[in-house]
Amino acid sequence: MKTIDISKKIHELLRIRNITKGKLAKELGITEQGLYKMLKTNDCKVSTLEKIAKYLNAPIAYFFDEYIVDTQIIFNKTNNNE
(Lines give C-alpha, C1' and ligand atoms only; values in the text may rest on other atoms or scores of the structure.)
Protein backbone atom coordinates (compact mmCIF):
# COMPACT_ATOMS: atom_id res chain seq x y z
CA MET A 1 0.00 0.00 0.00
CA LYS A 2 1.38 3.37 -1.02
CA THR A 3 1.46 6.23 1.48
CA ILE A 4 0.14 9.56 0.28
CA ASP A 5 2.29 12.54 1.23
CA ILE A 6 -0.38 15.13 1.88
CA SER A 7 2.14 17.33 3.67
CA LYS A 8 4.24 17.64 0.52
CA LYS A 9 1.21 18.64 -1.51
CA ILE A 10 0.20 21.28 1.07
CA HIS A 11 3.74 22.70 1.07
CA GLU A 12 3.68 22.87 -2.75
CA LEU A 13 0.41 24.77 -2.78
CA LEU A 14 1.54 27.15 -0.06
CA ARG A 15 4.62 27.92 -2.14
CA ILE A 16 2.65 28.34 -5.37
CA ARG A 17 0.05 30.55 -3.71
CA ASN A 18 2.65 32.48 -1.70
CA ILE A 19 0.80 31.83 1.56
CA THR A 20 2.55 31.33 4.88
CA LYS A 21 1.90 28.43 7.20
CA GLY A 22 0.90 30.97 9.82
CA LYS A 23 -1.82 32.40 7.58
CA LEU A 24 -3.09 28.91 6.75
CA ALA A 25 -3.16 27.97 10.44
CA LYS A 26 -5.15 31.10 11.25
CA GLU A 27 -7.63 30.33 8.47
CA LEU A 28 -8.07 26.79 9.81
CA GLY A 29 -8.54 28.05 13.35
CA ILE A 30 -5.55 26.16 14.70
CA THR A 31 -2.20 27.22 16.09
CA GLU A 32 0.91 27.29 13.94
CA GLN A 33 2.28 24.58 16.22
CA GLY A 34 -0.78 22.45 15.50
CA LEU A 35 -0.30 22.92 11.76
CA TYR A 36 3.39 22.08 11.97
CA LYS A 37 2.55 18.89 13.89
CA MET A 38 -0.10 17.94 11.33
CA LEU A 39 2.36 18.47 8.47
CA LYS A 40 5.22 16.68 10.22
CA THR A 41 3.14 13.60 11.02
CA ASN A 42 1.26 13.75 7.70
CA ASP A 43 -1.92 13.25 9.73
CA CYS A 44 -4.91 15.30 8.66
CA LYS A 45 -8.65 14.88 9.12
CA VAL A 46 -10.71 14.87 5.96
CA SER A 47 -12.68 17.90 7.15
CA THR A 48 -9.42 19.82 7.70
CA LEU A 49 -8.13 18.77 4.30
CA GLU A 50 -11.36 20.01 2.72
CA LYS A 51 -10.85 23.42 4.39
CA ILE A 52 -7.26 23.52 3.18
CA ALA A 53 -8.27 22.65 -0.37
CA LYS A 54 -10.96 25.32 -0.37
CA TYR A 55 -8.67 27.99 1.04
CA LEU A 56 -5.85 27.12 -1.36
CA ASN A 57 -8.28 26.94 -4.29
CA ALA A 58 -7.41 23.38 -5.23
CA PRO A 59 -9.51 20.31 -5.91
CA ILE A 60 -9.43 17.78 -3.08
CA ALA A 61 -8.17 15.23 -5.62
CA TYR A 62 -4.91 17.18 -5.83
CA PHE A 63 -3.86 15.73 -2.48
CA PHE A 64 -4.45 12.15 -3.58
CA ASP A 65 -3.54 12.04 -7.25
CA GLU A 66 0.20 11.69 -7.78
CA TYR A 67 -0.26 12.49 -11.46
CA ILE A 68 -1.51 16.03 -10.89
CA VAL A 69 1.54 18.24 -11.18
CA ASP A 70 2.15 21.81 -10.11
CA THR A 71 1.57 23.20 -13.59
CA GLN A 72 -1.93 21.75 -13.65
CA ILE A 73 -2.89 23.26 -10.30
CA ILE A 74 -1.66 26.71 -11.27
CA PHE A 75 -4.60 26.89 -13.69
CA ASN A 76 -6.17 29.34 -11.27
CA LYS A 77 -3.48 30.99 -9.22
CA THR A 78 -5.96 33.21 -7.42
CA ASN A 79 -6.20 32.71 -3.70
CA ASN A 80 -7.59 34.20 -0.54
CA ASN A 81 -4.29 35.95 0.12
CA GLU A 82 -5.50 39.24 -1.31
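Here are a few things to note about the model shown:
- For the stretch 18-29, a residue qualifies if it is surrounded by 15 or more Cβ atoms within 10 Å (Cβ to Cβ) and either touching a residue at least 12 places away in the same chain (Cβ under 8 Å) or of a type in the set (S, T, N, Q) (or both), and the qualifying residues are Ile19, Lys23, Leu24, Glu27, Leu28.
- Filtered residue count, the stretch 39-66, keeping only those that are without any contact (Cβ under 8 Å) to a residue 12 or more places away in the chain, assigned to a helix (DSSP H, G or I) and of a type outside the set (Ser, Thr, Tyr): 6
- Filter pass, Tyr62 being modelled with pLDDT under 90 and surrounded by 13 or more Cβ atoms within 10 Å (Cβ to Cβ): yes
- Number of residues in the stretch 67-79 that are part of a loop (DSSP other than H, G, I, E, B), surrounded by 10 or more Cβ atoms within 10 Å (Cβ to Cβ), modelled with pLDDT under 55 and over 13 Å from the mean Cα position of the chain (by Cα) equals 1.
- Against the conditions (1) surrounded by fewer than 18 Cβ atoms within 10 Å (Cβ to Cβ); (2) in contact with a Leu (Cβ under 6 Å, 6 or more places away or on another chain), Leu56 satisfies every one except (1).
- Qualifying residue in the stretch 13-20 (condition: at pLDDT below 90, part of a helix (DSSP H, G or I), touching a helix residue (DSSP H, G or I) at 6+ places or on another chain (Cβ under 8 Å) and among the β-branched types (Val, Ile, Thr)): no
- Residue list for the stretch 39-57, filter: under 11 Å from the mean Cα position of the chain (by Cα), within 17 Å of Lys8 (Cβ to Cβ) and at pLDDT 90 or above: Leu39, Thr48, Leu49, Ile52, Ala53, Leu56
The values are calculated or read from the model by the stated rules, or taken from the named source; none is laboratory data. Predicted model only: the values in this text are computed from it and were never measured. No Cβ is skipped: glycine too gets one built from the backbone with ideal geometry, and neighbour counts run over all protein chains shown.
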